[in-house]
Each structure stands twice: as C-alpha cells, then as structure tokens.
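Worksheet: the structure to be examined is printed underneath.
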Amino acid sequence: MGLKFRLSLMNFLQFFVWGAWMMTLGHYGFVEKQWNGAQFGLVFSTMGFASLIMPTLFGILADKWKANYVYAILHMLFAATMCVLPFIDSPVSFFWVLFVAMSFYMPTIGLNNSIGFSILKNEGKDPTTYFPPIRVWGTVGFIVAMWVTNFFTKDWGLGQSIKVSFIISAVLAVVLSLFSFFFLPALKNEKAKKTNQKQTLVQKLGLEAFVLFKQKKMALFFLFSLLLGGSLQLTNAYGDSFLQDATVFPVGELINNFSTIILSVSQISETLFILAIPFFMKRFGIKNVMLFSMLAWVLRFGLFGLADNSILGFVLIIGSCIIYGLAFDFFNISGALYVEQNTDSKIQSSAQGVFMLMTNGVGAVMGNIIAGFVIAKWFEDPVTHVKDWSGIWMVFAAYSLVVAILFAIFFKYKHDPKAVANFKH
C-alpha cells in the first residue's frame, strides 16, 4: 500500500465521518426535532466550543507522543459517542453529547494536516507540493458521505430518519481508527526526545505555539482566522434547512427533494479549487489567496439570498455551491500551509491546533451562537418558525464583506514569487 494511497485514504475517511451528518443536522434539528433558531445555534456551536481547547491540547500531546496513535484513539472515542446521539430528544442533552463527540473529532482535523506534512517531509517530499492533491480525497469523502446520507434519508431512497447519519459516521470512524493504528507510520518528535537543554515551564507544558501571538504577522493572521471562522460553517449549518424549507422550495420538487445532492456540488467544487491552490499561491501570494476566499464568501451568501423557487433561483444556488470551493478551501488549506511555513518543526501539531482554535473554535462559537440569536430575533416567526432566508443570507454576506475589507487594509504580506517557485502539484 503506497504512501500517497494511505494518506489519500486517511483524508477520505477523515471528512467522510464529518460529511455523513453535518450537512443534514440543521434539517434534523429544525424539522425532525422542532428546535428553534437559538436552540439549534447552540447545538451547532458544539464544533466551535470543542475547538476552543481540544485541538491545541491534543496537538501538544501529539507533538510529545505518537501523532497517529493519538489520532486513532480520538476517532474511536468519537465513534462511540456518535452512537448515543440517535437516542436523545432534548436539545440541551443533545448539545452536551455532541459537544463530547466534537471534542474528540475537531482535534483530528489539525492532526490530519500535521501527520500528512510530517510523513511527506520524512519521505523527502515538500508538503506544499504534494499535500493539496492528497487533501482532495478528503473532499471526495465528504461528497460521498453526503450522497450516502441522501440515499438513506430521502423518500426516493431508504426513507430513514436523519438520525441514521450518526451511525454511518460512527462505523466509518471505527474503520479510520483501525487504519491509523495499523497502516500509518508511527510519528514521534525525535528532536524533542534527543535534546538535553533545560526546558522552561512553557516548553514542558507544550504551549510554545502560543508564542506565535508575539509575532505581529501571526497575531493578525490568527485574528482574521477568528473573524472568518465566524462564517465558515454557516452554510453548512443552515444550507440544507434552507433548501428543504417547504415555504421556499415546495416538497417533492427538484431543489427540496435533492437538497443534499445539490449541496454536494459545493464539495465537488472544492476538489477543483484545492488543485488550483498551488497555481494561485505561486501567482498571487498568500494574502491575495486568502482575500479571494473572503470575497468568495460574500458571493456564497449573496447568491443564496437572491435564490428562489425558479430556474434562475436554481442557477444561483448552483453558482453559490461552485463558489464555495474557493471560499472554503482557499483559506483553510492556504492557512494550514502558511502556519506550516512560518513555525518551527518542533511545534507543528501545536501550531495547527492554534489555527484550528481560532477558526473552528473561537470564531465558530461566536458565529454560530450570534447567528442563531440573530435569526431567532429578527428573521424567524416565534410561533411558526418560518424564516426570512433572504434576510439571513444577506446579513451573512454583509459581515463577510466587512471582514474582507479589513483584511485587505490591515494584513501586510509581501509576496515573493521566488519563495514559491516550486509550488505545484
């Protein structure tokens, strides 16, 4: 089993177990469970709450132990917790159980990156050259998971409750855990093991990555990671609910009936834009690539805001899904590579954990909770729960535009074409 195949399979399963349930969670909460916007906003924020400390904590552990073993154990614990979710009805109880599951899962995203980078470097391969084509398989896994879930839960398929998505995720997480134990090379920070220098308290606790905040460029990068993180998961949280809202798109018609498959166009788009990242990085530099992502979020939300139940509306939805690939991956992948290039090898996992902390942690918590309350207060009927989707999406678009403008003004980065002369896939 070749190295590239193993890393590609790891990425495929990593994002399959996420995609199996995340895109349908909104419909599960709003329709099957009849939770309101504020309750669902709290439930969906579990990913953010879990990312506040867990990616950094387990990144530290991975730096000091064997990263692939930490990764495997976390996926096994995630699988066990996901099996509990189908039996819960209370939004508060659901929040706590999903929070535990996300505490196990969210650290694995950063570990997935750092493990891939480390294995490639140990093989003498440049991660910036070889990782994007491998990471594409994570997006493929997400797409396949969405299609599988759509088949299991739609009337034209098996017609099961959306709760089956949690079980699908759990089964594949067990597969990934076993794969990680037996088929990934054992990784350990040999530099840290061999050093005889006296360590400070910060070094002993593995908190060296937080020193990055003393660097102005890294502090600004993490700040904008937080601000953009506030919008990264909003279409994942509300997109399927929007397309399945019978007051906008009638039940039984194309958009409503194939909502999850339509949204999978977003992930199909990701595969193309991931492969384009090396070209854009080389041609435009890290700042412009991230700025492209922020402006793409404006379009992602804005096109949803203009869409209705018409041919033009369908075209706008497809356009929004296509632009999602640029919006999501140009920041996440470029950001991970930026962190990798600007941190010491001894704190790679910890630094990726901090990046996850700011995007999927603090940013996601703020974004999901604030969005939930804004929707409940201004864009949702308190009795019928009918939502003003156009207003919701336009508010999200306005926020993304403000973040993009601030980023263009305050984030200073001089592009050096020579530094990425060999950046290709």
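The values are calculated or read from the model by the stated rules, or taken from the named source; none is laboratory data. None of these values were measured; they are calculated from a predicted model. As a convention, Cβ positions derive from the backbone with ideal geometry for all residues, glycine included, and neighbour counts pool all protein chains shown.
Looking at the structure I just gave you, is Tyr324 surrounded by fewer than 24 Cβ atoms within 10 Å (Cβ to Cβ), under 26 Å from Ala50 (Cβ atoms) and among the hydroxyl-bearing types (Ser, Thr, Tyr)? Spelling it out, it is not the case that Tyr324 is surrounded by fewer than 24 Cβ atoms within 10 Å (Cβ to Cβ), under 26 Å from Ala50 (Cβ atoms) and among the hydroxyl-bearing types (Ser, Thr, Tyr). Only residues that are out of contact with any Cys (no Cβ under 6 Å at 6 or more places or on another chain) and surrounded by fewer than 21 Cβ atoms within 10 Å (Cβ to Cβ) were counted across the range 256-268, and they come to 5. Selection of the range 1-27 for residues being under 17 Å from Asn236 (Cα atoms) and at pLDDT below 80 yields Met23, Gly26, His27. Considering the range 2-23, and only residues there that are small (Gly, Ala, Ser) and in a helix (DSSP H, G or I), the residue that is nearest to the chain's Cα centre (by Cα) turns out to be Gly19.
One residue stands out among those in the range 335-363 that are crowded, with 24+ Cβ neighbours inside 10 Å and polar (S, T, N, Q): the one that is modelled with the highest pLDDT, which is Thr359. I'd like to know if the range 356-373 contains one or more residues that are out of contact with any Lys or Arg (no Cβ under 8 Å at 6 or more places or on another chain), over 26 Å from Asp329 (Cβ atoms), in contact (Cβ under 8 Å) with a residue 40 or more places away in the chain and among the aromatic types (Phe, Trp, Tyr). There is at least one residue in the range 356-373 that is out of contact with any Lys or Arg (no Cβ under 8 Å at 6 or more places or on another chain), over 26 Å from Asp329 (Cβ atoms), in contact (Cβ under 8 Å) with a residue 40 or more places away in the chain and among the aromatic types (Phe, Trp, Tyr). When only residues in the range 114-165 that are surrounded by fewer than 18 Cβ atoms within 10 Å (Cβ to Cβ) and aromatic (Phe, Trp, Tyr) count, which is nearest to Ala276 (Cα to Cα)? Only one residue tops the list, namely Trp147.
Among residues that are assigned to a helix (DSSP H, G or I), at pLDDT 90 or above, surrounded by fewer than 21 Cβ atoms within 10 Å (Cβ to Cβ) and touching a helix residue (DSSP H, G or I) at 6+ places or on another chain (Cβ under 6 Å), Met394 is included. For the range 402-425, a tally of residues being at pLDDT 55 or above, surrounded by 16 or more Cβ atoms within 10 Å (Cβ to Cβ) and not in a loop (DSSP other than H, G, I, E, B) returns 3.
A residue that is at pLDDT 70 or above, under 30 Å from Phe258 (Cα atoms), in contact with a Leu (Cβ under 8 Å, 6 or more places away or on another chain) and part of a helix (DSSP H, G or I) occurs nowhere in the range 179-201. Can Val339 be described as in contact with a helix residue (DSSP H, G or I) (Cβ under 6 Å, 6 or more places away or on another chain), in contact (Cβ under 8 Å) with a residue 12 or more places away in the chain and over 30 Å from Phe30 (Cα atoms)? Considered against the rule, which asks whether it is in contact with a helix residue (DSSP H, G or I) (Cβ under 6 Å, 6 or more places away or on another chain), in contact (Cβ under 8 Å) with a residue 12 or more places away in the chain and over 30 Å from Phe30 (Cα atoms), Val339 comes out as yes.
Here Leu312, Leu316 are screened, and the one residue that is over 23 Å from Gly229 (Cα atoms), free of Cβ contacts under 8 Å to residues at least 24 places away in the same chain and surrounded by fewer than 16 Cβ atoms within 10 Å (Cβ to Cβ) is Leu312. Applying the criterion of being at pLDDT below 90 and among the small types (Gly, Ala, Ser) to the residues of the range 367-391, the residue that is surrounded by the fewest Cβ atoms within 10 Å (Cβ to Cβ) is Ala376. Beta carbons closer than 7 Å, at least 6 apart along the sequence or on distinct chains, pair a first residue in the range 71-96 that is touching a residue at least 40 places away in the same chain (Cβ under 8 Å) and within 26 Å of Trp35 (Cβ to Cβ) with a second that is of a type outside the set (Lys, Arg) and part of a loop (DSSP other than H, G, I, E, B) for Pro91/Trp35; Phe94/Ile88.
The rows are residues; the columns are (1) at pLDDT below 85; (2) assigned to a helix (DSSP H, G or I).
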| residue | (1), (2) |
| --- | --- |
| Leu228 | no, yes |
| Ala237 | yes, yes |
| Thr247 | no, no |
| Arg283 | yes, yes |
| Phe301 | no, yes |
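Do we have any residue at all in the range 242-249 that's surrounded by fewer than 18 Cβ atoms within 10 Å (Cβ to Cβ), within 23 Å of His385 (Cα to Cα), among the polar types (S, T, N, Q) and out of contact with any His (no Cβ under 6 Å at 6 or more places or on another chain)? For the range 242-249, residues surrounded by fewer than 18 Cβ atoms within 10 Å (Cβ to Cβ), within 23 Å of His385 (Cα to Cα), among the polar types (S, T, N, Q) and out of contact with any His (no Cβ under 6 Å at 6 or more places or on another chain): present. Scanning for something in contact with a Pro (Cβ under 7 Å, 6 or more places away or on another chain) and more than 22 Å from Gln267 (Cα to Cα), does the range 330-341 turn up at least one residue? Yes, the range 330-341 contains at least one residue that is in contact with a Pro (Cβ under 7 Å, 6 or more places away or on another chain) and more than 22 Å from Gln267 (Cα to Cα).
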